[in-house]
Amino acid sequence: MSLYVDITKRCGDFLLRVRFETRDGLFAILGASGCGKSLTLKCIAGIEKPDTGVIKLDDTVLFDAAKKINVPTRKRNIGYLFQDYALFPHMTVFQNIMCGAKDKDRTREWIGRFFLEGKEQLYPAQLSGGQKQRVALARMLAQNPRFVMFDEPFSALDNHLKTQLEREVMNVMETFENGGIFVSHDRNEVYRLTERIAVMENGRIVDIQNKHGIFDAPKTLAATLLTGCKNITRLERRGNGYFAQDWGIMLSCGNDTGASGALFRYAGVRAHFLEPVGTDERGAENVIACEILRVIEDTFSFIVLFTNRTVAEKTGYAVMTYELAKEDWRRLAGEPLYLKIPMDKLILMEK
């Protein structure tokens, strides 16, 4: 099932202007808080009315401003999991889920799938945030909707429960013949759960790719930052190359970069792609002599914060991040650190 969205909606000073089309499976919208993700879902569900545009679910027109079509929310048959759960406070867990399942046996099945045994007779006020979220998920999916939308469904869960519910959503979507949208600000969630990702910034879709493309070669600064790249620099064109203003080095970007005709404004490299090299390569292309500022021990790795030693005292260049396995850092600790930016791992952005 496909969903086509091409709408605008003004809310005060904020203007939502989005256009995209989903395919089978889960389609992700990745963006920071306040960028318009939830407003987009509300327009699709019929809770908010766009100012202009069209929304189509397969061949069914749900909204068309020009033709004055606006199908009521209750008739769209779209499952929507709200951030605040939207449970009926006067109903028990069993009753809430039965509103979707319409059958006691199916209700019990969904209670088991979402780990709610023993909570059947409790009311929403007696549940934790995570338990409320599981009830809302079960109720939504039990309705067998034409299309589903998840608005940050795991935000209130601890890591263990999040893992369990992610797997359950994966299982459900594998057998769910229709599609859905998964909204999140968590890059790891969308990478695990979806195959195609749109990046939203300030009410606009700024990049849409499959998940490998959007993490390996994001097209914009917003997409690069939202996918977790910690090392970003502004670029200045110098001759046939680029000077990395925040890293203090000339960058070798490959022979085809200049020939492409593109003018790149930013470059990035992910923290785990940096490569340590020996002192004999300290003057080589794309190598930074590191002034280590801080070493942070993470659960399974070390995070090294550093700047360019050769220029830091003069200009105070940006702090960069290098992440590596603990055993690898223990081999390097105490020695001068030189890090190379691999040419094939460099992310180049025009905007």
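The values are calculated or read from the model by the stated rules, or taken from the named source; none is laboratory data. Keep in mind that this is a model prediction, so the values were computed, not measured. When we count neighbours, we look across all protein chains shown, and the Cβ atoms used for this are built from the backbone with ideal geometry, even at glycine. Surface areas here come from the heavy atoms of the whole protein model, side chains and all, with no ligands, DNA or RNA. Shrake-Rupley method; radii C 1.70, N 1.55, O 1.52, S 1.80 Å.
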- In what sequence, highest mean first, do 223-229, 44-50 appear when ranked by Cβ atoms within 10 angstrom? 223-229, 44-50
- Item | Heavy-atom accessible area per residue - the chain, 1.4 Å, Å² | 50
- Note on the structure: For the stretch 36-50, in residue order, the Karplus 3J(HN,Hα) values (coefficients 6.51, -1.76, 1.60; θ = phi - 60°; whole Hz; Gly and Pro = x) are x, 4, 5, 4, 4, 5, 5, 5, 5, 6, x, 6, 10, 9, x
- Message: For a quick check of understanding: with a 1.4 angstrom probe and all protein chains in place, what accessible area in square angstrom does residue 8 have, to the nearest ten?
- Response: 30
- How large is the Kirkwood hydrodynamic radius of the stretch 275-351, in angstrom, based on all distinct alpha carbon pairs? 13.4
- Query: Going down the list 75/104; 67/132; 9/102, which pairs span over 32 Å between their C-alpha atoms?
  - Reply: 67/132; 9/102
- Amide H proximity to residue 176 below 5 Å, modelled H, separation 5+ or other chain, gives none
- Item | Fraction of accessible area attributable to carbon and sulfur, the chain (%, probe 1.4 Å) | 46
- What are the ³J(HN,Hα) values, in whole Hz, obtained from phi via the Karplus relation 6.51 cos²θ - 1.76 cosθ + 1.60 with θ = phi - 60°, for each residue of the stretch 5-20 in sequence order, with x given for Gly and Pro? 10, 8, 9, 10, 7, 9, 10, x, 8, 8, 10, 8, 9, 10, 8, 6
- Task: Could you pull out every residue, at least 5 positions away or on a different chain, whose amide H is within less than 5 Å of the one on residue 18? Hs are placed 1.01 Å off N in the peptide plane, and Pro or chain starts have none.
- Result: 7
- Where in the stretch 1-29 is the amide nitrogen less than 13 Å from a point lying 7 Å along the Cα-to-Cβ axis of residue 64? none
- Message: Quick check: from the Cα gyration tensor, does the stretch 1-78 come out rounded (a/c under 1.5), prolate or oblate?
- Response: oblate
- Item | Helix-only CD estimate at 222 nm, as mean residue ellipticity for the chain, using -39500 (n - 2.57) per DSSP H run (n ≥ 4) | -7500 deg cm²/dmol
- Query: What fraction of the DSSP beta bridges in the chain is antiparallel, stated in percent and rounded to the nearest 5?
  - Reply: 75
- Query: When only the heavy atoms of the protein chains count and the probe is 1.4 Å, how do 13, 58, 216, 151 rank by accessible area, highest first?
  - Reply: 13, 216, 58, 151
- Item | Rounded, prolate or oblate (a/c below 1.5 giving rounded, otherwise prolate when a/b exceeds b/c) for the stretch 144-186 by Cα gyration tensor | oblate
- Task: Name the lysines eligible as straight-distance cross-link partners of residue 230: C-alpha to C-alpha under 27 Å, and not fewer than 8 places from it in the same chain.
- Result: 37, 162, 211, 219, 314, 326, 340, 345, 351
- Note on the structure: For the stretch 72-183, shape from the Cα gyration tensor axes a ≥ b ≥ c, cut at a/c of 1.5 then a/b versus b/c, turns out rounded
- Starting from the amide H of residue 266, placed 1.01 Å from N in the peptide plane, find each other amide H under 5 Å away whose residue is 5 or more places distant or on another chain. 235, 349
- Which ³J(HN,Hα) values in Hz, rounded to whole numbers, follow from the phi angles of the stretch 129-137 under the Karplus curve 6.51 cos²θ - 1.76 cosθ + 1.60, where θ = phi - 60° and Gly and Pro get x? x, x, 5, 4, 5, 5, 5, 5, 4
- Quick one: ranking 90, 185 by accessible area, 1.4 Å probe, largest first, what do you get? 90, 185
- Return the single residue from 73, 92, 60 with maximal mean-square fluctuation; model: Gaussian network over the chain, springs between Cα atoms under 10 Å. 60
- Item | R0 of 51 Å, Cβ-Cβ distance residue 56-residue 311: FRET efficiency to nearest 0.05 | 0.40
- For the chain, how big is the tail of P(r) above 26 Å, as a whole percent of Cα pairs? 59
- Item | Per-peptide average of other Cβ atoms within 10 Å, ordering 276-284, 206-214 highest first | 206-214, 276-284
- Message: Given the whole protein assembly as supplied and a 1.4 Å probe, what does the accessible area of residue 11 come to in Å², nearest 10?
- Response: 60
